[in-house]
1. Please find, among 13, 63, the residue that is surrounded by fewer than 17 Cβ atoms within 10 Å (Cβ to Cβ), more than 25 Å from residue 101 (Cβ to Cβ) and at pLDDT below 95.
2. Step by step: first the residues of segment 84-135, then only those that are basic (Lys, Arg) and over 11 Å from the mean Cα position of the chain (by Cα), then the one that is surrounded by the fewest Cβ atoms within 10 Å (Cβ to Cβ). Which residue is that?
3. Determine whether segment 94-103 contains at least one residue that is assigned to a strand (DSSP E or B) and in the same structural domain as residue 149 (by TED's automatic domain parsing).
4. Residue 183 - would you say it is of a type outside the set (A, V, I, L, M), loosely packed, with under 15 Cβ neighbours inside 10 Å and either touching a His at 6+ places or on another chain (Cβ under 7 Å) or at pLDDT below 95 (or both)?
5. Look at residue 167 and say whether it is surrounded by fewer than 22 Cβ atoms within 10 Å (Cβ to Cβ) and in contact with a Gly (Cβ under 7 Å, 6 or more places away or on another chain).
6. Tell me which strands (runs of 3 or more DSSP E) are completely within segment 134-221 and hold 3 or more residues being among the aliphatic types (A, V, I, L, M) and touching a residue at least 40 places away in the same chain (Cβ under 8 Å), or say none if there are none.
7. Looking only at residues in segment 201-229 that are surrounded by fewer than 21 Cβ atoms within 10 Å (Cβ to Cβ) and touching a His at 6+ places or on another chain (Cβ under 8 Å), which one is farthest from residue 156 (Cα to Cα)?
Amino acid sequence: METFYVDPVRVEAGTLTLVGDEHRHLVRVLRAAPGDRIAVVDGAGMAYDAVISSVSRHDVRCAIEGRHPRRNELAVSVTLAPALLKNPGRFDVVVEKATELGAAKIAPLRTARAIRSAANVDRWSGIALAAMKQCGRCVLPAIEAPAAFADFLGTAPPDALKLIPHERASLPLNAALSGCAGRDIVICIGPEGGFTEEEIALASAAGWTPVRLGDRRLRAETAAVTALSAVMLAVS
């Protein structure tokens, strides 16, 4: 069953209304009709079991049969802070996979070795929306405008587990996650050339823990997937 997105402002006590792209897909592609059952999420933490009650040229109205708060969401908040990449398509993959793996926030970083590529938060938000529906989540990750690495370090919650993978780190990621129960997690991922030694020193001084993802040298997007997969397993 496909999942559709509804703006929270279009949800009432017992009904919800789908418009825009969701309406067009239902009507023109799926030929939806009254009585059809669909899954709906609002991106704010609620999933719905819905039955189409009416179809018009402008909207699809549905009766709500069930509500599921935070369905398929992690027990803690996870923020991924990936450096911008030279290839925009690879960063798109990071956004997509971070959404699938449960990130609540994606905070792009401008680092010393990151390419000064153009930021397109609207495109990233669209990618995250599609990934949220595809994987069955009900929270749409917040995607921030790119920030300087040094500025971002001080924005993490003081009681969060703050991790920064680095090839010279000695502490395995799994070991760092062993005591993460109940704590929010923030993970920085470096660009193609990795973080500089100065950036690692700056992060360590700010309370971040360097961790090791393994013996292989991973692409930036692979490192993001590896780290988030480990987090998902640790907190599930």
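The values are calculated or read from the model by the stated rules, or taken from the named source; none is laboratory data. Keep in mind it's a predicted model, so treat the numbers as computed, not measured. Quick reminder, even Gly has a Cβ in these numbers, built from the backbone with ideal geometry, and neighbours come from all protein chains shown.
1. Values: 63 fails: at pLDDT below 95.
Just a single option satisfies the conditions, and that option is 13.
2. Taking segment 84-135 as the starting set, the residues that turn out to be basic (Lys, Arg) are 86, 90, 97, 105, 110, 113, 116, 123, 133.
Still in the running and over 11 Å from the mean Cα position of the chain (by Cα): 86, 90, 110, 113, 116, 123, 133.
Working: 86: 15, 90: 16, 110: 19, 113: 14, 116: 9, 123: 14, 133: 21.
Of everything passing the filter in segment 84-135, 116 is surrounded by the fewest Cβ atoms within 10 Å (Cβ to Cβ).
3. Going through segment 94-103, the residues assigned to a strand (DSSP E or B) turn out to be none.
No: zero hits.
4. Working: of a type outside the set (A, V, I, L, M): yes; loosely packed, with under 15 Cβ neighbours inside 10 Å: no; either touching a His at 6+ places or on another chain (Cβ under 7 Å) or at pLDDT below 95 (or both): yes.
No: the conditions fail for residue 183.
5. Working: surrounded by fewer than 22 Cβ atoms within 10 Å (Cβ to Cβ): yes; in contact with a Gly (Cβ under 7 Å, 6 or more places away or on another chain): yes.
It is true that residue 167 is surrounded by fewer than 22 Cβ atoms within 10 Å (Cβ to Cβ) and in contact with a Gly (Cβ under 7 Å, 6 or more places away or on another chain).
6. Numbers: elements: 161-165, 185-189, 209-211.
Filter on segment 134-221 gives 161-165, 185-189.
7. The extreme case among them is 212.
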